[in-house]
Structure formats: C-alpha cells, structure tokens
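The values are calculated or read from the model by the stated rules, or taken from the named source; none is laboratory data. Everything numeric here is computed off the predicted structure, so don't read it as measured data. Using ideal geometry, Cβ is built from the backbone for each residue, glycine included, and neighbour counts are taken over all protein chains shown.
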C-alpha cells in the first residue's frame with residue numbers, strides 16, 4: 001500500500017468528522033505543505049461552525065420544530081428519534097456563543113488567506129464532510145453535508161422554495177478539486193458568517209430574545225414558554241400563537257446599539273468580503289488547469305452545464321462589487337421609497353445610529369438623520385448584474401461570495 005498523502009489525511013478526517021484531530025494533523029505539516037495549509041484553515045473554520053452548532057444543540061435549537069410545523073406553514077412534525085435533556089438558555093450565554101464564533105472565524109480567515117497563495121489541488125467530496133452536531137464524539141451520516149442538503153431541499157420543496165445554487169441546479173456533482181482560489185473564497189465566507197454574529201452582538205436584543213426565541217429553542221426555558229398557550233383568536237391555537245409571536249418579534253426589533261465597535265466591524269468585514277471576492281476572481285482567471293473546479297472561469301469546464309460561467313458574468317459581478325463597496329463606504333447612497341431625490345447614507349448610520357429598528361427605517365422616521373442629496377444607487381447601478389443574472393442574482397451571490 002502506498003504512503004498516505006496529506007490529501008488522504010485531510011479527506012479522511014473530514015469524512016469522519018474528526019475536525020480537531022484533522023486540524024492537529026494539518027498544523028504539524030502546514031509550514032512546508034500547501035495542501036496542509038489549506039486543510040488547517042478548513043478545519044479551523046469548520047471547528048468554529050461545529051462548536052456553535054453543538055452549543056445551540058444542547059439548548060434544543062430546532063427552527064423546524066419551533067416554527068415550521070405550525071399549521072401556518074403546513075410542515076409535518078418529524079418523529080423524534082431520541083429524547084434528550086435540553087439545557088436552559090439565557091441571553092448572556094447566547095451572547096457568549098456568538099462572541100466565540102466571531103473569534104473562531106477571525107482565526108480561520110488569515111489561515112485561509114495564507115493557503116490561497118499556495119500551489120495545490122485536493123479533491124474533496126463535499127457531501128461526505130461530517131460535523132458532530134450533537135457533540136457525542138461521533139459524527140454520523142445524518143450529520144453530513146449531504147444529509148443537510150437533502151433536508152434543506154426537502155424543506156424547500158414543502159415550502160415551495162428554490163434550493164439550487166444556480167438556476168435550476170441541484171448540484172448532483174459534489175466532488176471538487178479545491179485550490180488556492182477556493183481557500184480565498186472560504187476566507188471570504190468566514191467574514192460573511194462573522195458579520196452576522198457581530199451585527200447581533202453590536203446590539204442589546206434581550207427583549208427580542210425573551211419575546212421570540214422560544215420559537216428557535218423550544219424547551220430551553222425562555223419566558224414565553226412559562227405558560228402553555230391554550231387560547232385562539234382567528235384560526236387555531238398553534239397558528240394564532242405563531243402569528244402573535246411573529247408580531248412580537250417584529251415589534252421588539254428595536255435594538256439599542258451598545259457596542260459601536262462591533263457594528264463598525266460589520267462594515268469592515270463587508271469591505272473585506274468584497275476585497276476577498278476580487279482576489280478570488282483574480283486567482284480563478286489566472287488558472288491554467290481545468291480540474292473539477294468549484295467556481296470555474298469562463299475558460300474552464302463546468303462539472304454541470306448549468307453552472308457554466310461566461311465573461312459577461314464575471315464582468316457584471318466585479319462591477320457589482322464596486323457598486324456595493326461604494327454603498328458600504330457611503331460614497332453611493334441607498335434609495336428610500338418615501339424620499340425621492342434623497343439617499344440614505346449607510347456609513348453615516350453605522351457610525352452614528354443609536355438603535356436598529358427596521359420598521360422605522362423602512363417607514364422613514366429613523367432614516368431622517370441620514371438622508372442627504374447625492375448620487376443614489378438605482379436600477380442602473382446594478383444594470384449589468386440584472387441583465388446577466390436576472391432573478392437568480394442572489395443564488396449567484398451565494399455561490400460567488
């Protein structure tokens with residue numbers, strides 16, 4: 001039998017769901033091995049995801065059981081395969097999990113950036129990657145990426161939602177040869193994920209937590225579960241309770257901004273994502289091979305015909321990155337439906353706002369201090385993207401990062 005390669009070790013640990021062991025193995029080799037440097041970044045990122053997933057799992061995190069099984073959505077309740085004791089969740093504990101997650105993503109990002117400069121290509125069957133969600137020390141087949149995709153596709157079909165990455169694409173091919181451009185792509189996604197936790201952490205959302213998050217953490221002892229809902233107003237007990245909780249959720253998204261640095265970090269992360277996306281495409285366009293590409297250039301062969309990329313797509317995407325950066329920096333204003341001729345300065349809002357209230361921003365009152373004359377983003381600013389991607393722009397954005 002031939003000697004096991006770094007790629008073999010990387011794959012085996014990913015497929016077994018032994019992320020910590022995989023990280024340790026890659027760390028020992030990373031200095032002189034480009035594949036190991038990539039593996040180190042991948043395992044570090046996935047460990048951060050796994051740790052957050054395990055933390056939420058012990059508190060009963062179950063959006064399907066808490067929301068979608070309501071008659072309002074019409075999804076059937078799945079039979080529980082096992083019973084487990086759900087630990088109580090507090091607002092402070094949840095913030096701690098989010099803080100750790102942002103820190104983990106920031107640990108992974110520079111490792112992936114370094115890997116992006118390496119010369120390697122490692123084939124990985126993405127569907128076989130496993131993450132130990134329940135923290136029992138053994139990642140099962142039900143905890144694989146393939147199983148998550150199947151579950152998401154099933155939920156999407158039941159809710160009449162599209163689930164493909166590109167138009168009408170179900171990604172039947174799951175073996176890709178990951179290289180330096182994909183390392184940079186993952187570095188960008190680390191910041192996409194961290195920006196979401198940082199946005200929450202920038203605010204005091206405790207009232208929202210107490211009012212609505214029992215829907216995501218049924219059984220975790222949140223206040224609205226202290227008494228069983230029995231009454232009905234319009235339809236039935238469960239649907240009316242869900243509607244009431246949805247109203248309360250919207251009403252309590254009036255979050256004081258308590259950590260300005262976190263909100264500024266979201267802005268910085270957004271700019272970093274845009275920069276990493278440009279670097280990703282620089283690397284993709286510079287490739288001379290044609291090897292099972294995850295995101296192919298216009299000159300490479302797509303594994304699936306519907307995932308072909310042409311030159312117009314790349315140009316439109318790069319133009320969209322420039323427009324988005326101008327918006328994030330406040331150089332291009334966002335339109336507000338209520339105030340024609342005036343634009344909303346997103347950067348000024350990040351630097352000065354005292355709260356986030358999406359309803360008042362949309363209806364106009366909280367937008368008033370940040371309205372000004374200037375160049376306003378309109379349909380023409382995104383004309384290239386709309387022309388090339390059409391209604392699938394968000395699917396492509398998810399894929400391209």
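Details
- Checked against the criterion of being without any contact (Cβ under 8 Å) to a residue 40 or more places away in the chain, touching a strand residue (DSSP E or B) at 6+ places or on another chain (Cβ under 6 Å) and farther than 21 Å from residue 273 by Cβ, the candidates 367, 308 yield just one match: 367.
- When residues in the range 114-146 are screened for being in contact with a strand residue (DSSP E or B) (Cβ under 7 Å, 6 or more places away or on another chain) and in a helix (DSSP H, G or I), 4 of them pass.
- When residue 385 is tested against (1) within 16 Å of residue 332 (Cβ to Cβ); (2) surrounded by fewer than 18 Cβ atoms within 10 Å (Cβ to Cβ); (3) at pLDDT below 95, just one condition goes unmet, and that condition is (2).
- Any hit, the range 364-374, residues being surrounded by fewer than 13 Cβ atoms within 10 Å (Cβ to Cβ), part of a helix (DSSP H, G or I) and within 26 Å of the chain's Cα centre (by Cα): no
- Single match in 359, 350 (criterion: under 26 Å from the mean Cα position of the chain (by Cα) and surrounded by 18 or more Cβ atoms within 10 Å (Cβ to Cβ)): 350
- Test: residue in the range 371-383 that is touching a helix residue (DSSP H, G or I) at 6+ places or on another chain (Cβ under 9 Å) and within 27 Å of residue 203 (Cα to Cα): yes
- Scan of the range 46-78 for residues that are assigned to a loop (DSSP other than H, G, I, E, B) and modelled with pLDDT of 95 or more, ordered by number: 58, 59
- One residue stands out in the range 388-397 among those that are exposed (fewer than 13 other Cβ atoms within 10 Å of the Cβ) and within 21 Å of the chain's Cα centre (by Cα): the one that is modelled with the highest pLDDT, namely 394.
- Which listed residue, of 279, 269, is at negative phi and either part of a loop (DSSP other than H, G, I, E, B) or surrounded by fewer than 19 Cβ atoms within 10 Å (Cβ to Cβ) (or both): 279
- Search result, residues across the range 288-345 that are closer than 14 Å to residue 375 by Cα, over 26 Å from the mean Cα position of the chain (by Cα) and surrounded by 16 or more Cβ atoms within 10 Å (Cβ to Cβ): 336, 342, 343
- The test for being part of a helix (DSSP H, G or I), modelled with pLDDT of 90 or more and under 15 Å from residue 40 (Cα atoms) holds for residue 111.
- Taken together, 246, 220 contain a single residue that is modelled with pLDDT of 90 or more, within 30 Å of residue 195 (Cβ to Cβ) and surrounded by 14 or more Cβ atoms within 10 Å (Cβ to Cβ), which is 220.
- Selection within the range 12-42 - closer than 23 Å to residue 138 by Cα and buried (at least 23 other Cβ atoms within 10 Å of the Cβ): 13, 14, 17, 19, 22, 26, 39, 40, 41, 42
- Sub-6 Å Cβ pairs linking a first residue in the range 240-253 that is more than 15 Å from residue 223 (Cα to Cα) to a second residue that is surrounded by fewer than 15 Cβ atoms within 10 Å (Cβ to Cβ), at least 6 apart or interchain, are 240/232; 240/233; 240/234; 253/358, ordered by first then second residue.
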